[in-house]
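The values are calculated or read from the model by the stated rules, or taken from the named source; none is laboratory data. Being a predicted model, the structure only gives us computed values, none of them experimental. Cβ: placed from backbone, ideal geometry, glycine included. Neighbour counts: every protein chain shown.
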Amino acid sequence: MSDQDKSATDTSPADRHPARTGRGDEPAFRVVVTDHAFPSLDAERALLEPLGAVIDDVQCRDPDELARLVRDADALLVQFAPIDATVLEAAAARCRVVVRYGIGVDNVDLDAATRLGVPVSNVPDYALDEVADHATALLLSAARKLPAVAAAVRSGRWELSPERPLRSLRGATLGLAGFGAIGRRVAARAQAFGMHVRAYDPFVTDAVLDAAGVARAGFGELLANSDAISVHLPLTDDTRGLFGAEAFAALRPGTLFVNTSRGGVVDTAALVAALDDGRVGFAGLDVLEVEPPASDAAIVHHPRAIVTSHCAWYTEEALDRLKRHAAAEIARGLRGETLAYRVNG
């Protein structure tokens, strides 16, 4: 690391970038919201305006344009916009914190942020139960083949066993790829249905697994010995495309597959092929490699798949928590306080 880079990371953004004066028409802080899909930013304004902050809602996802818009920003609130090195370099002169609305931060160049001394935070705890509920709902829909059964009824078929075979969840094995806060909640829900649970997560201790009544499994063991798999992994260089042709080939025929984490963890074409040959019996997905998918995307129209619109996180309560927690982290950054959810540096 160069002396220049070291000096950037050894001092806090608050030390390097003193607050605006707040005199006259100049606000104490300028918070740029790059993009969002919310009805309003009232919750953020209610928390940040008392600090003298002005929220600038620019609704822009173009990095070149964002680089122009963030040059004098004291903080960035980001949902989907790509925050690459160009954007971060433009903002670094004043920016005290970048906060992502959500858990994943794969749209933020963390290496560049660290090099420039810009802290990055997420909101990891706003929708844990919501996503666990949604993953469990997808698992149940897959196990009972509910989309196919409902479609049969709509077409005029009324049969007592229209989709065969169905297997009981009790006594079946659920494999969890990832055993973070959401994976642990899914485990508890699955155990309530009488399922055995094993998890692949090299970063979790045996004590954590033992306390949850969950067996440790290597990745290959998870693939070979699970009746259903639910994915709860971040998108990193190591996990991108982890569930590809080789992984699906190792599954038991008819394995149920659920993903509510990141679309890029799964090779969609390989999943469609596994559905076609029966290696995957049914897939429940809330995330895809490409969002939104093309109208003719094979996975969307596959008769043994159910795809929801990256909405696992959503309840009104979770939405309120997301916005308030993100704004509170921005406030901590503006005040020069220790961040609660920093993910870099």
### Query
Any chance the stretch 8-16 includes a residue that's modelled with pLDDT of 95 or more, surrounded by 16 or more Cβ atoms within 10 Å (Cβ to Cβ) and either part of a helix (DSSP H, G or I) or not aromatic (Phe, Trp, Tyr) (or both)?
no
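For every residue, the table says whether it meets (1) part of a helix (DSSP H, G or I); (2) outside the structural domain of Ala143 (by TED's automatic domain parsing); (3) at pLDDT 95 or above.
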position	(1), (2), (3)
Leu256	no, no, yes
Val272	yes, no, yes
Gly281	no, no, yes
Val287	no, no, yes
Ala294	no, no, yes
Ile299	yes, no, yes
Pro303	no, no, no
## Note on the structure
Flagged in the stretch 85-108 as crowded, with 21+ Cβ neighbours inside 10 Å and among the charged types (D, E, K, R), in numbering order, are Arg96, Arg100
### Query
What do you reckon, is Asp227 over 23 Å from the mean Cα position of the chain (by Cα) and on the phi < 0 side of the Ramachandran plot?
yes
### Task
Could you please let me know if Asp206 is modelled with pLDDT under 95 and farther than 17 Å from Ala181 by Cβ?
no
#### Entry: Condition check for Val197: farther than 20 Å from Glu246 by Cα, crowded, with 24+ Cβ neighbours inside 10 Å and either in contact (Cβ under 8 Å) with a residue 12 or more places away in the chain or within 22 Å of the chain's Cα centre (by Cα) (or both)
yes
### Task
Please work out if Thr308 is on the phi < 0 side of the Ramachandran plot, in contact (Cβ under 8 Å) with a residue 12 or more places away in the chain, in contact with a strand residue (DSSP E or B) (Cβ under 9 Å, 6 or more places away or on another chain) and among the polar types (S, T, N, Q).
yes
### Message
Just to be sure I understand, how many residues within the stretch 290-317 are among the charged types (D, E, K, R) and either in contact with a helix residue (DSSP H, G or I) (Cβ under 9 Å, 6 or more places away or on another chain) or surrounded by 17 or more Cβ atoms within 10 Å (Cβ to Cβ) (or both)?
### Response
3
### Message
I need the full set of residues from the stretch 305-324 which are in contact with a Gly (Cβ under 8 Å, 6 or more places away or on another chain) and part of a helix (DSSP H, G or I), in order please.
### Response
Leu322
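Results for (1) more than 21 Å from Arg94 (Cβ to Cβ); (2) in contact with a strand residue (DSSP E or B) (Cβ under 7 Å, 6 or more places away or on another chain); (3) free of Cβ contacts under 8 Å to residues at least 60 places away in the same chain, shown as yes or no for each residue.
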| residue | (1), (2), (3) |
| --- | --- |
| Ala112 | no, no, yes |
| Ser121 | no, yes, no |
| Tyr126 | yes, no, no |
| Ser141 | yes, yes, no |
| Ala152 | yes, no, yes |
| Ser155 | yes, no, yes |
| Leu160 | yes, no, yes |
| Glu163 | yes, no, yes |
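Report the residue count in the stretch 177-194 for those that are among the small types (Gly, Ala, Ser), in contact (Cβ under 8 Å) with a residue 24 or more places away in the chain and either in a helix (DSSP H, G or I) or surrounded by fewer than 15 Cβ atoms within 10 Å (Cβ to Cβ) (or both).
So in the stretch 177-194, the residues among the small types (Gly, Ala, Ser) come out as 177-178, 180-181, 183, 187-188, 190, 192, 194.
Remaining after also requiring in contact (Cβ under 8 Å) with a residue 24 or more places away in the chain: 177-178, 180-181, 183, 187-188, 190, 194.
Right, trim to either in a helix (DSSP H, G or I) or surrounded by fewer than 15 Cβ atoms within 10 Å (Cβ to Cβ) (or both) and you get 181, 183, 187-188, 190, 194.
Here the count works out to 6.
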### Task
May I ask you to say which residue of Leu256, Leu233 is surrounded by 17 or more Cβ atoms within 10 Å (Cβ to Cβ), under 24 Å from Ala172 (Cα atoms) and touching a residue at least 60 places away in the same chain (Cβ under 8 Å)?
Leu256
### Per-region count, the stretch 129-176, residues under 28 Å from Leu322 (Cβ atoms), crowded, with 18+ Cβ neighbours inside 10 Å and not charged (D, E, K, R)
12
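Is it the case that Leu69 is surrounded by 17 or more Cβ atoms within 10 Å (Cβ to Cβ), at pLDDT 95 or above and within 17 Å of His325 (Cβ to Cβ)?
Considered against the rule, which asks whether it is surrounded by 17 or more Cβ atoms within 10 Å (Cβ to Cβ), at pLDDT 95 or above and within 17 Å of His325 (Cβ to Cβ), Leu69 comes out as no.
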#### Entry: Residue under evaluation Ala207, criteria (1) in contact with a helix residue (DSSP H, G or I) (Cβ under 9 Å, 6 or more places away or on another chain); (2) over 13 Å from Leu174 (Cβ atoms); (3) surrounded by fewer than 19 Cβ atoms within 10 Å (Cβ to Cβ), criterion not met
(1)
### Task
Would you confirm whether any residue within the stretch 235-242 is at positive phi and either in the same structural domain as Val108 (by TED's automatic domain parsing) or part of a loop (DSSP other than H, G, I, E, B) (or both)?
yes
